[in-house]
Amino acid sequence: MSQSLRCLDAPGEIVLVHWENFVRTIDELAPGKKVADIWFRKLRPLSFDGQVLSALAPPTAFVEYLLNTHGDLIRSAMDAAVGKGVELSIVKHDPAPEEAPRELEAVHLQSPELMPAQEPVRANLNPRYRFDNYIEGESNRFAVASARSVADTPTTTPFNPYFVYGGAGYGKTHLIQAIGNQALRTGSLRRVVYVTSEQFVNQFIASIKTKRTTDFAHMYRNVDMLILDDIQFFTGKERTLTEFFHTFNSLYQAGKQIILSSDRPPRDLEDLDERLTSRFASGLVTELTLPDYETRVAILGKRADEHRANLDAGIVEFLAGHINSNVRDLEGALLQLIAQSQFMRRPIDLDLAHQVARKFAPTRRRQVSMETVAEHCARFYNIPLVDLKDRGRKKEVAHTRQVAMYICNKLTRHSLRGIALHYGRRDHSTVIHAVKTVEERMQVDAAFRSEVDDLIRTIELRA
Ligand code: ADP
Ligand code: MG
């Protein structure tokens, strides 16, 4: 981990994303220790060149101490969150009075005088967001096909504007940036600008303060392709909306390509001028939905390859099956799995996957019913469900019934008597006996313990 001074670029989107992932991973690897708060949240991300992620420390920071005491943690978090072998470089800041804050907060866009008409402009695009690593499936087939056609024939396509909407983490940003990256790669366009609506608003406000609104307008009206992300953020921002309205019209009339994303369809963007939303609807409006199971498996496989993590098919299928909130969570779980395995120096197995999945599916942990427990136990030990509730005393049945009672006691809120009744017993002492038997055996029989633990986890996740 070097401490060399690297270029003081204004932080682009990519740096911020990597930095955020890195700090979050530190938090996850050292939970409760506040390492992230005490050290890393006080640093400012500076630049990332694929090999080195650099951040700026305040002049008073004990950088050497930090690197010495938390070197391993930093290494694991960098490997998992940013990329294998990527170095962290912490630059200690010596503020020269006229330097920095302004420069550092400047948004990563060039001003018009730095944008001579012939020069290609590639503002803010993350090179990782491409079509070749965007997995297609039923949930996004149409959105991807139309996005590709926009990328290949921008400005002449009837899909102008191209409007994509869908829930958080469904892949909107990736898709719309892929259009920009592709259009630049094929050379069909030279000036592509990606901006989040939040950045757009902040830049606009800053330009009002510095009396440079003309520059602002000029800059955005002179691009070949404007990609504006999360435009639901504009709602309620009157002045920005007016400015955007003019930008939109000017680009549209000049036949430039406009690409928009939002968490909802145009008609649900309250406060947006009717004239705007009907323009949006006149291009192409397409929805991204949650990728289905097969697509989730494919996405995980691809991402695991990118991280050079060798995951068993069983693990991939388990994660894809249990994490169905959105793709971001799916990726988050994968990163955590890799990070935990590196940090704790243990292999990625189903056990670890269970632990991680549990964190990512907390809202799905509803109250477990006794019926669910009984069904799972019967299926797991391969005995008929009716036998479990019967008074029969066959050995396997009795054994399964005890395990089921033990799990009911652990996972449900039912009383001992309630549990007994569910299994056709009248006396709660049967349950006490079952719990005791199972606990004792778990203490001496590791295989049995892991069997029961597995069963519990499965039930919790499926409930
Ligand atoms: P959104 O902008 O809709 O909130 P993102 O585009 O940021 O979602 O996607 C979240 C993460 O999931 C990103 O890392 C992205 O690369 C990944 N992702 C989403 N959809 C896909 C897909 N179909 N194939 C590969 N990666 C995907
Ligand atoms: Mg997004």
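The values are calculated or read from the model by the stated rules, or taken from the named source; none is laboratory data. In this text, all values refer to a predicted model and were calculated from it rather than measured experimentally. Positions of Cβ are generated from backbone atoms using ideal geometry, with glycine treated the same way; all protein chains shown enter the neighbour counts. Calculation scope for accessible area: heavy atoms of the full protein, side chains included, ligands and nucleic acids excluded. Shrake-Rupley method; radii C 1.70, N 1.55, O 1.52, S 1.80 Å.
Any idea which residue in the stretch 126-143 is farthest from ligand 1 (Cβ to nearest atom), counting only those that are surrounded by fewer than 23 Cβ atoms within 10 Å (Cβ to Cβ) and over 22 Å from Asp305 (Cα atoms)?
Phe142
Output the qualifying pairs, or none if there are none: Cβ atoms under 9 angstrom, residues six or more apart or on different chains, first residue in the stretch 298-315 and outside the structural domain of Gly137 (by TED's automatic domain parsing) and within 16 Å of ligand 2 (Cβ to nearest atom), second residue in a helix (DSSP H, G or I) and β-branched (Val, Ile, Thr).
Ile299/Val327
Applying the selection to the stretch 207-247, what residues are in contact with a Lys or Arg (Cβ under 9 Å, 6 or more places away or on another chain) and touching a residue at least 60 places away in the same chain (Cβ under 8 Å)?
Asn222, Val223, Asp224, Met225
For the stretch 144-156, name all the residues that are of a type in the set (A, V, I, L, M) and open to solvent by less than 10 Å² (accessible area, probe 1.4 Å).
Hits for the stretch 144-156 are Val144, Ala147, Val150, Ala151.
Yes/no per residue for (1) crowded, with 21+ Cβ neighbours inside 10 Å; (2) more than 22 Å from Thr458 (Cβ to Cβ):
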| site | (1), (2) |
| --- | --- |
| Pro291 | yes, yes |
| Ile299 | yes, yes |
| Ala304 | no, yes |
| Arg308 | no, yes |
| Glu317 | no, no |
| Ala320 | yes, no |
| Ser325 | no, no |
| Leu330 | yes, no |
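If we scan the stretch 332-352, do we find a residue that is within 16 Å of ligand 2 (Cβ to nearest atom) and either of a type in the set (Lys, Arg) or buried (at least 19 other Cβ atoms within 10 Å of the Cβ) (or both)?
Taking every residue of the stretch 332-352 in turn, at least one turns out to be within 16 Å of ligand 2 (Cβ to nearest atom) and either of a type in the set (Lys, Arg) or buried (at least 19 other Cβ atoms within 10 Å of the Cβ) (or both).
Report, by residue number, each residue of the stretch 290-308 that is within 11 Å of ligand 1 (Cβ to nearest atom) and β-branched (Val, Ile, Thr).
Thr295, Ile299
In the stretch 260-289, which residues are at pLDDT 90 or above, in a loop (DSSP other than H, G, I, E, B) and open to solvent by 10 Å² or more (accessible area, probe 1.4 Å)?
Passing the criteria: Asp263, Arg264, Pro265, Gly283, Thr289.
Out of all the residues in the stretch 180-199, which are within 14 Å of ligand 2 (Cβ to nearest atom) and buried (at least 24 other Cβ atoms within 10 Å of the Cβ)?
Answer for the stretch 180-199, where residues must be within 14 Å of ligand 2 (Cβ to nearest atom) and buried (at least 24 other Cβ atoms within 10 Å of the Cβ): Gly180, Tyr194.
Considering the stretch 287-318 alone, what residues qualify as being of a type in the set (A, V, I, L, M, F, W, C) and more than 14 Å from the chain's Cα centre (by Cα)?
Listed by number, the residues that qualify are Leu288, Val297, Ala298, Ala304, Ala309, Leu311, Ala313, Ile315, Val316, Phe318.
Within the stretch 237-259, is even one residue in the same structural domain as Asn160 (by TED's automatic domain parsing), within 23 Å of Leu175 (Cα to Cα), over 24 Å from the mean Cα position of the chain (by Cα) and among the acidic types (Asp, Glu)?
No, that holds for no residue.
What helices (runs of 4 or more DSSP H) completely inside the stretch 166-259 contain at least 2 residues that are out of contact with any Ser or Thr (no Cβ under 8 Å at 6 or more places or on another chain) and polar (S, T, N, Q)?
It comes to 172-185, 197-209, 238-253.
Being open to solvent by 50 Å² or more (accessible area, probe 1.4 Å), among the aliphatic types (A, V, I, L, M) and over 30 Å from Leu334 (Cα atoms) is the requirement here; does Val435 meet it?
The answer is no for Val435.
Only residues that are under 17 Å from Ser369 (Cβ atoms) and open to solvent by 90 Å² or more (accessible area, probe 1.4 Å): list them for the stretch 385-413, please.
Lys410, Arg413
Name the residue that is farthest from ligand 2 (Cβ to nearest atom), counting only residues in the stretch 159-170 that are open to solvent by 20 Å² or more (accessible area, probe 1.4 Å) and among the small types (Gly, Ala, Ser).
Within the stretch 159-170, the match that is farthest from ligand 2 (Cβ to nearest atom) is Gly167.
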